[in-house]
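Inspection log for the structure reproduced underneath, given as C-alpha cells.
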Amino acid sequence: MPHKALRRFALILLCCLAHPATGIAQTLTGSVSGFVRDTADGEGLIRATVLVEGLPLGSLTNIQGYYVLPKVPVGQQTLVFTYIGYAAVRRTVTITPDTDTRLDVRLQPEVLLGQEVVIRADSMRAAEMLFRKPISQIRLNPAQINALPQVAESDLLRSLQSLPGVLPLSDFSSALYVRGGTPDQNLYLLDGTDVYNPEHTFGIFSTFNTDAIKQADMSKGGFGAEYGGRLSSVLDVTNLDGNREQFEGTASLSLLSAKTTLQAPLGERGSLSGSIRRTYFDQTIAHAIGDIPDYWFYDGNLKAYLELSPRDQLTISTYGGRDYLDVIFNPDAADPTGIAIDWGNKTGSLRWTRVITPKLFGTFWLTGSRFTSDFSLPIAAVTERNVVTDVTFKGNVEHHYSDALTTRFGFEEKNLNVEYNQDFPEGHISLGHEPKHLVMYATSSLRPSSRWEIEPGLRFNQFSSDKTFRNLAPRLSVKHRLTDTFNLRAATGVYYQYLHRVPRFAFTDIFISSNQHQAESRAVHAIVGMQKEWARNVQIEIEAFWKDYSNIYQFNQNFLTDFTEDGYDEQDNPILSNTSGVFNRGDGHSTGFEAMLRKDSGAITGWLAYSLARTEYSFDGINGDRAYTPRHDRTHVINAVSNIDVVGAWRKAHGRHRAGGGNWTLGASFVYGSGQPITDPGSGYVTRSSPHQDTWWVRYAPTEINGVRIPAYSRLDLSLTYKHDYGSWSMAPYLQVFNAGNRANVWFIDYDFNNGAPDVEVVNMFPLLPTFGVTFTF
Amino acid sequence: MAPMKLRFVAVTFALLLSSCGDPTVKITNDSYEPRIVVEGLLLPGNSVSGIRITRNFTADRNINSAPVVIDDAIVAIVDVASGASFALSFHAGADFHTTYYEYPGNDLTILPGGTYRLEVSARIDGVSLSTRATTTVPAAGFRIAGISHDRLPYRPRTEDGEFIDVKVQIERSPGTSFYLLTAVPVEPSVENFIFDNAFTDEKPEDLSPGDIIDFSYNYEWIQNTPPTAGISTMDVFWWDLWFYGEHRVVIYAADDNYARFLQTFDEVQEEDGNFHEPVFSFEGDGMGYFGSAIADTVGLTITR
C-alpha cells in the first residue's frame, strides 16, 4: 500500500482492533450466544434486546437475529429477551467460566397471546430501544408501510416520504430527497445488494414489493463505517426469509396490480419465500379506453434460507423487475410509428453467515446487480442503452470482546460496469467505464459505562476508473444516557460518492462514474440529538443536522453547448465518449432541525413530525455562479400519520376489554410543507430562430434560479380497511383516498403566449384519487 | 389544560383545512430586469438588414397592447478588422417581420471569415442600457452538395419494406461545426396538410390558422462536425414535413453565437416545469443573438 492514506488507515485499524483490557471488571465470566427468532415463522428478529437481569449487561441481535453476551458473571443468570410487539421471554442459565452457553430463543407476537390489541414492549423501555438504534435511523415494518394510505397500493419509498427529513419532489415521484440531498445520494440495499434506479412507472412507484419486505431501515445521515458510497442516506431493505414453521401466503388485488407472496418451510432447516407482482392496466383499462400507451411492469423475488449447521446459515436471494412502454404516436395512421422503452433491475445475492466462534460472527456476500434500460425511436434510427452492472464480494466480521467492546471490520470489492450508448443519425454517444471500488472498514462499539456508547469508525475507499481516487472516511457516533428515559447523541462523518447521475423526467436516470472529468463527491455530516421516552410507549426524538457538500454534480441543462467530440466515424459523424460538459460542478450545504413524536404500539399508532430545513447550492455556470436554493428545498414540513384500530380504540376509551380480533382499521396521513422554490421565467422576449421563420415566438430568459416559491403543499390521505377472519384465511378489502381534501397542489407554472397575450397555466399534482383493493391472507 | 387542548384542536383543524382548496399562485415578476433583445444574423453577400432590436417584458404583459419594438435605439456595426463603425437606421414596417434596423449605405460588405461587432444602446423603462456582441462569420466553402430525393411521396418504403429517408449532403465550412436545417412549406394550408400522418391525429376541423403556422416551420441541426472541409449528411426527418407540395430546405453554417442560442433558447423550461438559463453571447444588458451564417437552399416536394 504505497499511499500515505493507506498506511494511516492500517494504523488506525490496528488501534480499533486493540482490545482494552482495563476498565472491565476482572471477574470469572462466561459467554452466552444464540439466535432470537419469531415463534410464528422462525424468522430471525433483527435488533431484539437481550439483557442480563440485575446487571448492566445487554446486547442486540444483528441482522440475522444473532446475539452475544461476551462476559457474563458465572453462576445462575436470568436473561430477558424483548422485542417490540412480542412477549418478553425470561430464561435462567448457568454460566460457567470461559465457556459459551448457546441459547436460542423464540419470541411470540403478543397479539396472538391473548388477542389483546394493545401491543407494547413488555419489559423493554422505549428509551432503551431508542438508545440502541443508530442515530438518524428510522425503521419501518410491513405493517406500518401497508397501513399508510397511498396511490393505488402501499409503496415503501412513498411511505418513507412521510418521515421528517425525507421529501418528495412531487406527487409523481417516489424519489427521496433526504436532508437536502438528491436521490442519487441514497444507497438502496435489497438483501445486501445495491439497487440502481429503484423505480417503476417513471418513478411514480418503487420497485420494492411491500408484501415481501421483512424490515426497512432508513438512515438519514451519520451512518457508520460499514456503509458508504453515497453522500446522504442508506435504505437497507431486508426481505422475508420465509416461514420456517408452516405454509403461509398473501394475495392482493389493487387498481394497479395483482400480487402474491408465498412462504413455506424448506425441510426442517430452511424456508422459502417468493413474491410476484404485475400491473394489469394493459389488460383491463387500456382495452376500454384505448387512448393510453401500452404499459406494464412486473417484479418478483425469491429467497431461500438454509440452516446448514447450528453455526452456518446460507441465504440465496434474487429479485427481478421490468417496465415496458410502447407509445404509438397516431395509431390510426396507415403506417404508424412510435417509441419503445423498457427498463428494469435484476439482483442476486448469496449470503453466508457463520458463527466462527461464539464471540466472532462473520457474514459474507456475493452480490450481483444489473440495471438496464433500452429506448428506441425507429423512425429516426435512434437507440439508447443504459447499463449499470455491479458484482460485489464483501464480508463483515463482528467480534464481541466484552459487553464494553464490540468491533466490526469488513471489506468490499465492487466491480462496476457503467455504460451509456446512444446512436442517432448524426452521431454516437458512448460513455462507459468499468471502475473497481475497494473498501475496507473498521468500527468499534465502546461502552465505557452503562451510560455511554462511543462508536468510532474508519472507512477506506479506493475507486479506480480512468483515474484512481483514494479517500479515508472517518466516522464517530456518541450516545449518552442522561437519565433512564432521556438520551443524548451525536454523530459526525465524512462520506464519499463515486457515481453521478443524469436525472431524466419520465426516463430512468443515467449513472456515470467518477473519472478524470468528474471527481469524487464529498459530504460531511454533523448531527446532534436527544431522545425521550414519554408515557412508556411514546418516543420523542429531536435532531439537528448540518451537512456540507463539495464536488457534487448536477446535470448541465445546456450540455449541448459544452459537449466535445472524441473522434468521428466514417461518415464524419461525431463520436462522444467523454463526460466533459455533461455536469455542472458545485458545492452546498444543508442545515435542519427535526422533531418526531412516535407511538408504535396500542390501538392508535403513528407519528407526528416537524422539520425545519434549508439547503443552498452553488454550481459553476448556474444562477450566474451565485448561491441558490434547490427545487427540493422545503423550509417547514409537518407530517402526521395515524393508524387506528377503530373498535379497539373505542372500547379502550370506554374502559371495556375487547373480545375477538380487530376488524376495522382507519389510516390517516397528513402532510403540510411550505412552498418549494421555483424559477420564474424572468422575462419574455420575441424572437425567431432563423430569417426564414414566418412567425415569431415568445421565449423566456430566467435570471434568478429558484428565486420564488410556489404555494404551500398540503395533503390528507385516508384509508379504511376491514379484515374478516374465516378460520384458516382472512380477507381485508380496503378503500384509500389520496388527497382527500382535493387540494390543487401546485406542481409548476406553465408560461406561454397566445397571439401576444400571456397564457399562464398552473399545473397541479394529483387530485382526489379514491382507490380500492383487497388482500387475502392464508 | 383546557385552553391547551383547544389550541391543539384549532391548529389541527387549521392544518386539515389547508389540505383542501385551490391555492392562489401569485406571478410576481420579481426577477424581471429590462434588457435589450437582439435578433441579428449577418449573411455574407447580403446587405446588413433584418436586425431586430426589441425589449424584453414581464411574463404577464400583453404584447399586443404594449409593443416591444424599440425604434429609437442607437445601433452600429463595427468591422473589427478596420475599426470602421456603421450606424444602422430603423426601418418601420407593417408588422414585426418587416420592422428592423438596416444599414442604408453600400460601403459595408459582410465577408466570410470577417469579424463584426454589434453595439446597441437604448432606454427601456427609463433606464439606459447598452450591449454588444461580436461574431466571426463562417469561412467560405459551405454549400449544399445534394439531396437524396427532391420529389417523393410521404414516407415511402423501399422494395425491402424500409422507410426511405430524405438526406441532404453538405460541404462543410472550415472552422464551422454547427449546421442548422430548416424545412418550410411553400404553400401551407389545411388542404395541403398530411392527415394520414404517423405523428399526429389532427383532423381538418381541428386545424386553426395558428396551427398551420406552427406546423409550417421546423428545424434540425447537427453539431460537433469536423472543423475541416469535407462532406456531412443531414436528415430531413418525416416529422419536419407536414404538408404536401413544395418545401424550401434552407441550411445554415452557423457561427458560435448563433449555435449557442439555437442549442439553448428553446429548452429553458425543463420537463418538471422549472426553468434554467439559456446561453447568450452578449456583454452588458443584451439577450437574444447576434451571429452570422452562410445559407444555402434546396427544394423538396412531397407528392400526394
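Hey, can you tell me all the residues within region A:279-304 that are at pLDDT 90 or above and either surrounded by fewer than 17 Cβ atoms within 10 Å (Cβ to Cβ) or acidic (Asp, Glu) (or both)? A:Asp299 - this is the single residue of region A:279-304 that is at pLDDT 90 or above and either surrounded by fewer than 17 Cβ atoms within 10 Å (Cβ to Cβ) or acidic (Asp, Glu) (or both).
Only one entry in B:Ile222, B:Ile231 is over 23 Å from the mean Cα position of the chain (by Cα) and of a type in the set (Val, Ile, Thr), namely B:Ile231.
Among the residues making up region B:235-247, those that are at pLDDT below 95 and either within 7 Å of chain A (Cβ to nearest Cβ) or in contact with a Gly (Cβ under 8 Å, 6 or more places away or on another chain) (or both) are B:Asp235, B:Phe237, B:Trp238.
Name every residue in region A:402-455 that is of a type outside the set (Ser, Thr, Tyr), over 30 Å from the mean Cα position of the chain (by Cα) and under 30 Å from B:Phe178 (Cα atoms), in order of residue number. Even if it seems obvious, please write down each step before you answer.
Taking region A:402-455 first, the residues of a type outside the set (Ser, Thr, Tyr) are A:403-405, A:408-419, A:421-429, A:431-440, A:442, A:446-448, A:451-455.
The next check asks that each one be over 30 Å from the mean Cα position of the chain (by Cα); those that pass are A:403-404, A:422-429, A:448, A:451.
Scanning region A:402-455 gives A:Gln422, A:Asp423, A:Phe424, A:Pro425, A:Glu426, A:Gly427, A:His428, A:Ile429.
Please indicate, with yes or no, whether at least one residue in region A:431-453 is farther than 30 Å from A:His480 by Cα, among the basic types (Lys, Arg), surrounded by 18 or more Cβ atoms within 10 Å (Cβ to Cβ) and at pLDDT 95 or above. No: zero hits. Residue selection: A:Glu307 satisfies the criterion of being acidic (Asp, Glu), surrounded by fewer than 24 Cβ atoms within 10 Å (Cβ to Cβ), not in a loop (DSSP other than H, G, I, E, B) and not assigned by TED's automatic domain parsing to the domain that holds A:Asn141. Criterion applied to A:Thr363, A:Thr337 was being at pLDDT 90 or above and among the hydroxyl-bearing types (Ser, Thr, Tyr), and the one residue passing it is A:Thr363.
Applying the selection to region A:195-213, what residues are assigned to a strand (DSSP E or B) and crowded, with 24+ Cβ neighbours inside 10 Å?
Restricting attention to region A:195-213, the residues satisfying the condition of being assigned to a strand (DSSP E or B) are A:199-200, A:205-206, A:213.
Residues satisfying the conditions are A:Glu199, A:His200, A:Phe205, A:Ser206.
Selection of first residues in region B:94-109 that are of a type in the set (A, V, I, L, M) and of second residues that are surrounded by 10 or more Cβ atoms within 10 Å (Cβ to Cβ) and in a loop (DSSP other than H, G, I, E, B), restricted to Cβ pairs under 9 Å at least 6 apart or on distinct chains, gives the following pairs, ordered by first then second residue: B:Leu108/B:Ser47; B:Leu108/B:Val48. Under the condition of being small (Gly, Ala, Ser) and not in a strand (DSSP E or B), which residue from region A:696-734 is surrounded by the most Cβ atoms within 10 Å (Cβ to Cβ)? The selected residue is A:Ala701. Among the residues making up region A:763-778, those that are modelled with pLDDT of 90 or more, of a type in the set (Val, Ile, Thr) and either touching a Ser or Thr at 6+ places or on another chain (Cβ under 8 Å) or buried (at least 18 other Cβ atoms within 10 Å of the Cβ) (or both) are A:Val774, A:Thr775, A:Thr777.
Could you list, in sequence order, all residues of region B:258-304 that are closer than 17 Å to B:Trp221 by Cα and more than 11 Å from chain A (Cβ to nearest Cβ)? Within region B:258-304, B:Ser292, B:Ile294, B:Asp296, B:Val298 qualify. Considering region A:475-529, and only residues there that are in a strand (DSSP E or B), in contact with a Phe, Trp or Tyr (Cβ under 7 Å, 6 or more places away or on another chain) and among the charged types (D, E, K, R), the residue that is farthest from A:Val388 (Cα to Cα) turns out to be A:Arg481.
I'd like to check something: does region A:720-736 contain any residue that is within 13 Å of chain B (Cβ to nearest Cβ) and either modelled with pLDDT of 90 or more or within 18 Å of A:Ile145 (Cβ to Cβ) (or both)?
Within region A:720-736, the first condition is being within 13 Å of chain B (Cβ to nearest Cβ), and the residues that meet it are none.
Looking for residues that are within 13 Å of chain B (Cβ to nearest Cβ) and either modelled with pLDDT of 90 or more or within 18 Å of A:Ile145 (Cβ to Cβ) (or both), one finds none in region A:720-736, hence no.
Any residue in region B:173-189 that is surrounded by 15 or more Cβ atoms within 10 Å (Cβ to Cβ) and more than 25 Å from the chain's Cα centre (by Cα)? No, the conditions are met nowhere in region B:173-189.
For (1) closer than 30 Å to A:Gln422 by Cβ; (2) in a strand (DSSP E or B); (3) modelled with pLDDT under 90, each residue gets a yes or a no:
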residue: A:Gln531; (1), (2), (3): no, yes, no
residue: A:Glu541; (1), (2), (3): no, yes, no
residue: A:Ala544; (1), (2), (3): no, yes, no
residue: A:Asp548; (1), (2), (3): no, yes, no
residue: A:Asn551; (1), (2), (3): yes, yes, no
residue: A:Gln554; (1), (2), (3): yes, yes, yes
residue: A:Gln557; (1), (2), (3): yes, no, yes
residue: A:Thr564; (1), (2), (3): yes, no, yes
residue: A:Asn578; (1), (2), (3): yes, no, yes
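Each residue in region B:193-211 was checked for being closer than 24 Å to B:Asp150 by Cβ, out of contact with any Leu (no Cβ under 8 Å at 6 or more places or on another chain) and among the aliphatic types (A, V, I, L, M), and 1 of them qualify.
Residues in region A:618-627 that are within 11 Å of chain B (Cβ to nearest Cβ) and in a strand (DSSP E or B): A:Phe619 alone. Selection over region A:737-766 of residues that are aliphatic (A, V, I, L, M) and either on the phi > 0 side of the Ramachandran plot or more than 9 Å from chain B (Cβ to nearest Cβ) (or both) gives a count of 2.
Does region A:655-670 contain at least one residue that is modelled with pLDDT of 90 or more, under 21 Å from A:Thr771 (Cβ atoms), at the interface with another protein chain (Cβ under 9 Å from one of its Cβ atoms) and not in a loop (DSSP other than H, G, I, E, B)? Yes: region A:655-670 contains one or more residues that are modelled with pLDDT of 90 or more, under 21 Å from A:Thr771 (Cβ atoms), at the interface with another protein chain (Cβ under 9 Å from one of its Cβ atoms) and not in a loop (DSSP other than H, G, I, E, B). Working only within region A:319-342, note down all residues that are more than 14 Å from every other protein chain (Cβ to nearest Cβ), surrounded by 19 or more Cβ atoms within 10 Å (Cβ to Cβ) and of a type outside the set (A, V, I, L, M). Within region A:319-342, A:Tyr319, A:Gly321, A:Asp323 meet the criteria. For A:Gly588, the criteria (1) free of Cβ contacts under 8 Å to residues at least 40 places away in the same chain; (2) touching a Gly at 6+ places or on another chain (Cβ under 8 Å); (3) assigned to a strand (DSSP E or B); (4) under 30 Å from B:Ser281 (Cα atoms) hold in every case but one, which is (1).
Determine if region B:131-139 includes at least one residue that is under 22 Å from B:Asp296 (Cβ atoms) and of a type outside the set (Val, Ile, Thr). Yes, the conditions are met somewhere in region B:131-139. Note on region B:129-245: enclosed strands (runs of 3 or more DSSP E) holding 1 or more residues that are among the polar types (S, T, N, Q) are B:166-171, B:178-185, B:218-223, B:231-236.
Within region B:25-47, one or more residues are modelled with pLDDT under 85 and under 30 Å from A:Val641 (Cβ atoms). Restricting attention to region A:735-757, the residues being under 22 Å from B:His276 (Cα atoms) and crowded, with 23+ Cβ neighbours inside 10 Å number 2. Scanning region A:674-718 for residues that are of a type in the set (D, E, K, R), in contact (Cβ under 8 Å) with a residue 60 or more places away in the chain and more than 7 Å from chain B (Cβ to nearest Cβ) yields a count of 1. When each of B:Asn224, B:Asn274 is tested for being within 30 Å of A:Asn706 (Cα to Cα) and surrounded by 19 or more Cβ atoms within 10 Å (Cβ to Cβ), the lone residue that passes is B:Asn274.
The values are calculated or read from the model by the stated rules, or taken from the named source; none is laboratory data. Worth saying up front: this structure is predicted, and the values here are computed from it rather than measured. Every residue, glycine among them, receives a Cβ derived from its backbone with ideal geometry; neighbour counts consider all protein chains shown.
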